[in-house]
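Peer 1: What follows is a single structure, and I will ask about it in a moment.
The values are calculated or read from the model by the stated rules, or taken from the named source; none is laboratory data. Predicted model, so just to flag it, every value in this text is computed and none were measured. Note that each Cβ is placed from the backbone with ideal geometry, even for glycine, and that neighbours are counted across all protein chains shown.
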Amino acid sequence: MVVIPIVFMWLCYLGLSLWLARIFNRWARGEKHRFRYPGGIVMLVMWLPVLWDAPLQEMKYRKLCREEAGLTVFKTPEQWDYENGGALRYLSPVKDVKIVTVSEENYRIYMNERIYYDIFNIPRGYGLIERRSDVVDGETNQVMLRHVDFDAGPLHHIPKFGRIWMNKPSCRSKDDDFGKSPFLGMDLKFKGGLK
């Protein structure tokens, strides 16, 4: 459990900042200083560098989940099959799945000889990552399905300086089962071999 030492470290940091704030408050009372609580400034100086981007990340994460995340259907498997003269019956699903690296953020997985997944992992700032999956017709380069999701690294990943509050889960709700996702149901129809 890597998280336990990190939580202990932040609790020690909190204890140190409270201890220093208390010392500065006592000093101010003893000196009859006009500013009564300099401990507040100590807390601000100690915690601002640590927490400055957490609210900004949270606002951006919520906005992206609300406005950009989800499934977009440009063409259903039935529409594509109709427009291509029943081609799904003749396309055979790939038996050995190979992942082809297109670029650092882009991977390609072929579903059959014509249709493939394009998977993108795009950094969006404040540690947020856009995870986009496209189902693409390789002959026309037309995107037929697009699923967009956002997170801030996998939850087992420890961010810089152990700031575990900067990890964000997927935009999908916790009770959503990805195995029952409409994306997964639709994309499987593009594999081919339909009777």
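Peer 1: In the set Phe150, Phe161, which member is assigned to a helix (DSSP H, G or I) and farther than 19 Å from Ser92 by Cα?
Peer 2: On the way: Phe150 fails: assigned to a helix (DSSP H, G or I).
Sole residue among the options that is assigned to a helix (DSSP H, G or I) and farther than 19 Å from Ser92 by Cα: Phe161.
Peer 1: Moving on to the next point. Given the residues Tyr107, Tyr116, which is the only one that is at pLDDT 90 or above, in a strand (DSSP E or B), surrounded by 14 or more Cβ atoms within 10 Å (Cβ to Cβ) and touching a Gly at 6+ places or on another chain (Cβ under 7 Å)?
Peer 2: Just a single option satisfies the conditions, and that option is Tyr116.
Peer 1: Here's something else I'd like to know. Go through segment 24-46 and give me each residue that's surrounded by fewer than 13 Cβ atoms within 10 Å (Cβ to Cβ) and touching a helix residue (DSSP H, G or I) at 6+ places or on another chain (Cβ under 7 Å).
Peer 2: Phe35, Arg36
Peer 1: Which is out of contact with any helix residue (DSSP H, G or I) (no Cβ under 7 Å at 6 or more places or on another chain) and either surrounded by 12 or more Cβ atoms within 10 Å (Cβ to Cβ) or in contact (Cβ under 8 Å) with a residue 60 or more places away in the chain (or both), of Ala21, Ala54, Ala87, Ala69?
Peer 2: Numbers: Ala21 fails: out of contact with any helix residue (DSSP H, G or I) (no Cβ under 7 Å at 6 or more places or on another chain); Ala54 fails: out of contact with any helix residue (DSSP H, G or I) (no Cβ under 7 Å at 6 or more places or on another chain); Ala87 fails: out of contact with any helix residue (DSSP H, G or I) (no Cβ under 7 Å at 6 or more places or on another chain).
Only one candidate passes the filter, namely Ala69.
Peer 1: Kindly indicate whether any position in segment 95-104 is in the same structural domain as Lys168 (by TED's automatic domain parsing), surrounded by fewer than 17 Cβ atoms within 10 Å (Cβ to Cβ), aliphatic (A, V, I, L, M) and in contact (Cβ under 8 Å) with a residue 24 or more places away in the chain. Outline the logic, then answer.
Peer 2: Within segment 95-104, the subset in the same structural domain as Lys168 (by TED's automatic domain parsing) is 95-104.
Adding the requirement that they be surrounded by fewer than 17 Cβ atoms within 10 Å (Cβ to Cβ) leaves 95-104.
Among the residues that remain, those that are also aliphatic (A, V, I, L, M) are: 97, 99-100, 102.
Narrowing further to those that are in contact (Cβ under 8 Å) with a residue 24 or more places away in the chain: none.
No; the residues of segment 95-104 include none that is in the same structural domain as Lys168 (by TED's automatic domain parsing), surrounded by fewer than 17 Cβ atoms within 10 Å (Cβ to Cβ), aliphatic (A, V, I, L, M) and in contact (Cβ under 8 Å) with a residue 24 or more places away in the chain.
Peer 1: Among the residues of segment 1-31, write down those that are among the small types (Gly, Ala, Ser) and over 37 Å from the mean Cα position of the chain (by Cα). Steps first, please.
Peer 2: To start, the set of residues in segment 1-31 that are among the small types (Gly, Ala, Ser) comprises 15, 17, 21, 28, 30.
Residues satisfying the conditions are Ala28, Gly30.
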